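The values are calculated or read from the model by the stated rules, or taken from the named source; none is laboratory data. Just so it is clear, the model here is predicted, and its values are computed rather than measured. Counting neighbours? That spans all protein chains shown, and the Cβs are built from the backbone with ideal geometry, glycine included.
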Amino acid sequence: MTDPHVADHEQEEVGRPSTGLLSRINAPIARLGMYLSVTGLLVIVTIVFYQVFGRYVLNSSPTWTENLALVLILYVTLIGAAVGVRDAGHIGMDSLLVMLPDHVREKIEIVIHVLVAIFGVAMVYNGWILGASVGTVHIPNLGLPEVIRYVPLIASGVMIVSFSIEHIIALLRGEEVVPSWN
């Protein structure tokens, strides 16, 4: 038999799902980011397999595979990290926050999301500056502009800012951001 007071406390702690405009926009973006990251990871595995096959079986290693795999790693990790921010998969201090009273915990969570958003802004700014500095350079063996390496940094930064704002709004409303994979 369950204690009704415990159930009420758990219900208050979780909050209702966030249904705001930003949540309706961010949820499909995060889901798409997850799908793209998983697809990118599979493509990386395929490229590396092809490189190994070419080197050891065909005795002719393709020259473009290493650079393409490195570019894809940037996309997979940065977009995946941004989705992790929305789905609360990033490093947090949950074990310490759980011990605090609700009103203090919520304020600290807001501060944490503000700091994460500031980090996202720094990613966008620095990605833009770095991308602009290599705008005319091309990646060897691919023929793609070097700036393509900085696109995921900027995109991830924008997503992190948007996801952090979504979390702040949800906290202020007493709501919960539902993870994209639900």
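Some observations on this one:
- The listed residues are Y150, Y56, Y75, Y125, and the only one of them that is among the hydroxyl-bearing types (S, T, Y) and closer than 27 Å to W181 by Cβ turns out to be Y75.
- Every pair of residues 6+ apart whose Cβ atoms lie under 8 Å, when the first sits in segment 39-51 and is farther than 12 Å from L70 by Cα while the second is not polar (S, T, N, Q): Y50/P62; Q51/P62; Q51/E66; Q51/A69
- Residue tally, condition more than 15 Å from H167 (Cβ to Cβ), surrounded by 13 or more Cβ atoms within 10 Å (Cβ to Cβ) and hydrophobic (A, V, I, L, M, F, W, C), over segment 16-52: 8
- Considering segment 50-72, the residues that are within 18 Å of L144 (Cα to Cα) and outside any helix (DSSP H, G or I) include one that is modelled with the highest pLDDT, namely W64.
- Failed item in (1) more than 17 Å from A88 (Cα to Cα); (2) at pLDDT 75 or above; (3) loosely packed, with under 12 Cβ neighbours inside 10 Å; (4) of a type outside the set (D, E), with A7 passing the rest: (2)
- Checking I47 against (1) in a helix (DSSP H, G or I); (2) among the aliphatic types (A, V, I, L, M); (3) at pLDDT below 90, the condition it does not meet: (3)
- If you go through segment 130-179 and keep only what is of a type in the set (S, T, Y), part of a loop (DSSP other than H, G, I, E, B) and buried (at least 19 other Cβ atoms within 10 Å of the Cβ), you end up with just Y150.
- Residue in segment 73-96 that is farthest from G120 (Cα to Cα), counting only those that are modelled with pLDDT of 90 or more and surrounded by fewer than 18 Cβ atoms within 10 Å (Cβ to Cβ): I73
- Scope segment 13-36; condition part of a helix (DSSP H, G or I), within 30 Å of L97 (Cα to Cα) and not aliphatic (A, V, I, L, M); matching residues: E13, S23, R24, N26, P28, R31, G33
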